[in-house]
Amino acid sequence: MNPSGLEALIEALRCLPGIGPKSAQRIAYHLLQHDRSGALRLGDAVQHALQTIRHCQRCNTFTEAEVCERCASPRRDPSLLCVVETPVDLNMMEQTRAYQGLYYVLMGRISPLDGIGPKELGLEQLMARALDGVVKEVILATNYTNEGEATAHYVTAMLKSKGITVTRIARGVPVGGELEYVDSGTLAQALRERKSCSA
């Protein structure tokens, strides 16, 4: 027996991250009771996105063109390639306004428990991108989780074996952070990654 329209809507909403059964039910009732036009816009937007958005051929992020605006921009430094896990991570890097190179988005991370290994991430595409003859440095900006660290370790070994310079973003005390409120692991890492001061 097929689920009712309401059950199907609730089940569909549950596929969103952070949305459990109760939240999905609440959203479904809200859309049906208070915002049917919003529900139609949402449905149309999802359908349009699925039909028009694809992966950039160079950096693997989402785009409507074959090559995204960032990769096509002559203002970016093509000798720097920053590797991130997701498009959200790319956006966070861009918000810093501290980086003007190009990117490669893995669309995930190595996670053996989830059945995601190097092949599932398509690391051969990253290798081809890094060996294009223009890239001089690959900056790894994967998350400092177990999976992110494993991914960074694997990518470092893969690229260094080809003679490519690989660096990793530092971690430590956040800007505006007070030592009293920083966890000991972060403080220890900040101490290990200290650098000389300029006058």
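The values are calculated or read from the model by the stated rules, or taken from the named source; none is laboratory data. Given the structure is predicted, the values throughout are model-derived calculations rather than measurements. We place every Cβ from the backbone using ideal geometry, glycine too, and count neighbours over all the protein chains shown. Note: accessible area is taken over every heavy atom of the protein model, side chains too, but ligands, DNA and RNA are not part of it. Shrake-Rupley method; radii C 1.70, N 1.55, O 1.52, S 1.80 Å.
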Other-chain or far-sequence residues with amide H under 5 Å of Arg14's (modelled H) = none
Most mobile of Val83, Val135, Val105 in a GNM of the chain (Cα contacts under 10 Å) = Val135
Please list, or write none, the lysines whose alpha carbon is within less than 26 Å of the alpha carbon of Lys162, excluding same-chain residues fewer than 8 places away.
-> Lys119, Lys136
With springs only between Cα atoms under 10 Å, which of Glu178, Glu124, Glu66 fluctuates most in a Gaussian network model of the chain?
-> Glu178
Between the alpha-carbon centers of the stretch 1-73 and the stretch 134-193, tell me the distance in whole angstrom.
-> 33 Å
Net charge near Thr61: determine it from the other residues with C-beta under 15 Å of the C-beta of Thr61, scoring Lys and Arg +1 and Asp and Glu -1.
-> -1
Which entry in (1) 7, 25, 27, 23, 14, 4, 0, 0; (2) 9, 33, 40, 17, 1, 0; (3) 8, 24, 18, 12, 15, 13, 8, 3, 0 is this structure's computed P(r) over Cα pairs in 10 Å bins from 0, in percent?
-> (1)
Given the protein chains as shown and a 1.4 Å probe, how many square angstrom of Asp183 are accessible, to the nearest 10?
-> 90 Å²
Dipole of the chain (Lys/Arg Cβ +1, Asp/Glu Cβ -1, origin at the Cα centre): which of Leu13, Ile110, Leu81 lies farthest to the positive side?
-> Leu81
About the Cα centre of the stretch 75-195, how large is the charge dipole given +1 on each Lys and Arg Cβ and -1 on each Asp and Glu Cβ? Please answer in debye to the nearest 20.
-> 540 debye
The simple spin-label model distance between Val182 and Ser4, using points 7 Å out along Cα→Cβ, in nm, is 5.6 nm
J(HN,Hα) series, the stretch 122-137, from Karplus relation 6.51 cos²θ - 1.76 cosθ + 1.60, nearest Hz, glycine and proline x = x, 5, 5, 5, 5, 4, 4, 5, 6, 9, 6, x, 9, 5, 10, 9
In terms of modelled amide H atoms, which long-range or inter-chain residues lie less than 5 Å from the amide H of Ile110?
-> Thr151
Heavy-atom accessible area per residue of the stretch 82-191, all protein chains kept, 1.4 Å probe, expressed in Å², is 57 Å²
Between Asp35 and Ile19, with labels modelled 7 Å along Cα→Cβ, what's the label distance in nm to one decimal, could you check?
-> 1.1 nm
Per-residue SASA entry for Ser111, accessible area with 1.4 Å probe, Å² rounded to 10 | 10 Å²
Where a ≥ b ≥ c are the square roots of the eigenvalues of the C-alpha gyration tensor, would you call the stretch 98-176 rounded, which needs a/c under 1.5, or, failing that, prolate if a/b is larger than b/c, or oblate?
-> oblate
Compute the FRET efficiency between Ala49 and Thr96 as 1/(1 + (r/R0)^6), taking r as their Cβ-Cβ distance and R0 = 25 Å, and round to the nearest 0.05.
-> 0.40
Under a 1.4 angstrom probe, counting protein chains only, how are Val46, Val166, Val155, Val175 ranked by accessible area, largest first?
-> Val175, Val46, Val166, Val155
Packing rank of 157-163, 56-62, where each peptide gets the mean count of other beta carbons within 10 Å, highest leading | 56-62, 157-163
Dipole size in debye (nearest 20) for the stretch 126-185 around its Cα centre, Lys and Arg Cβ +1, Asp and Glu Cβ -1?
-> 460 debye
The extension gain from Arg76 to His153, computed as 0.36 nm times the residue separation minus the Cα-Cα distance, is 25.1 nm
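Tell me the carbon and sulfur percent of the accessible area for the chain, rounded to whole percent, probe radius 1.4 Å.
Percent of accessible area from carbon and sulfur atoms in the chain: 56.
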